[in-house]
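One structure is given here, and the rest of the page talks about it.
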Amino acid sequence: MTLTIEVRSKSGKNNELYQSLQALLVTMRQEKGCMSCRVSQDMEDGEVYVLSSDWDTEASFGGYVKSVGGIALLGAINMLGQSTRIQVGSGAKWEGAEALKKIWRSSQ
């Protein structure tokens, strides 16, 4: 399962968002089922970051979301992000940040 999260930073929070996402990659890579993850900055719009991660199953990502690292990811997005789009699966429809919260609630 591929999960893509696109986050536009709040004004003045660009570097803080990037540093937070980079720091969270360390714990994400250690999670069971995480096959790869990376953060990139949009070259045309420097306030947009894309977190891409590949998981062996949706349940593995659900486990990460309810971990300390996953809660920190949700917190960073909420505190430092102006807008967020989520894509679960390659070629899937883009959804709002509520999709991440739905995954979090379903894995409780």
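For segment 66-85, the set of residues classified as under 16 Å from Q41 (Cα atoms) and either part of a strand (DSSP E or B) or among the polar types (S, T, N, Q) (or both) consists of G81, Q82, S83, T84, R85, listed by residue number.
Number of residues in segment 51-108 that are over 26 Å from Q19 (Cβ atoms), touching a Gly at 6+ places or on another chain (Cβ under 9 Å) and either of a type in the set (S, T, Y) or modelled with pLDDT of 90 or more (or both) equals 4. Regarding segment 67-84, can at least one residue be identified that is surrounded by fewer than 17 Cβ atoms within 10 Å (Cβ to Cβ) and in contact with a strand residue (DSSP E or B) (Cβ under 8 Å, 6 or more places away or on another chain)? The answer is yes; a qualifying residue exists. So which residues in segment 23-39 are out of contact with any Phe, Trp or Tyr (no Cβ under 7 Å at 6 or more places or on another chain) and either in a helix (DSSP H, G or I) or surrounded by fewer than 16 Cβ atoms within 10 Å (Cβ to Cβ) (or both), if there are any at all? Listed by number, the residues that qualify are A23, L24, L25, V26, T27, R29, Q30, K32, S36, R38.
Would you mention how many residues in segment 1-22 are among the acidic types (D, E) and either crowded, with 17+ Cβ neighbours inside 10 Å or in a loop (DSSP other than H, G, I, E, B) (or both)? Matching residues across segment 1-22 total 1.
The values are calculated or read from the model by the stated rules, or taken from the named source; none is laboratory data. Everything quoted here is computed from the prediction, not taken from an experiment. Counting neighbours? That spans all protein chains shown, and the Cβs are built from the backbone with ideal geometry, glycine included.
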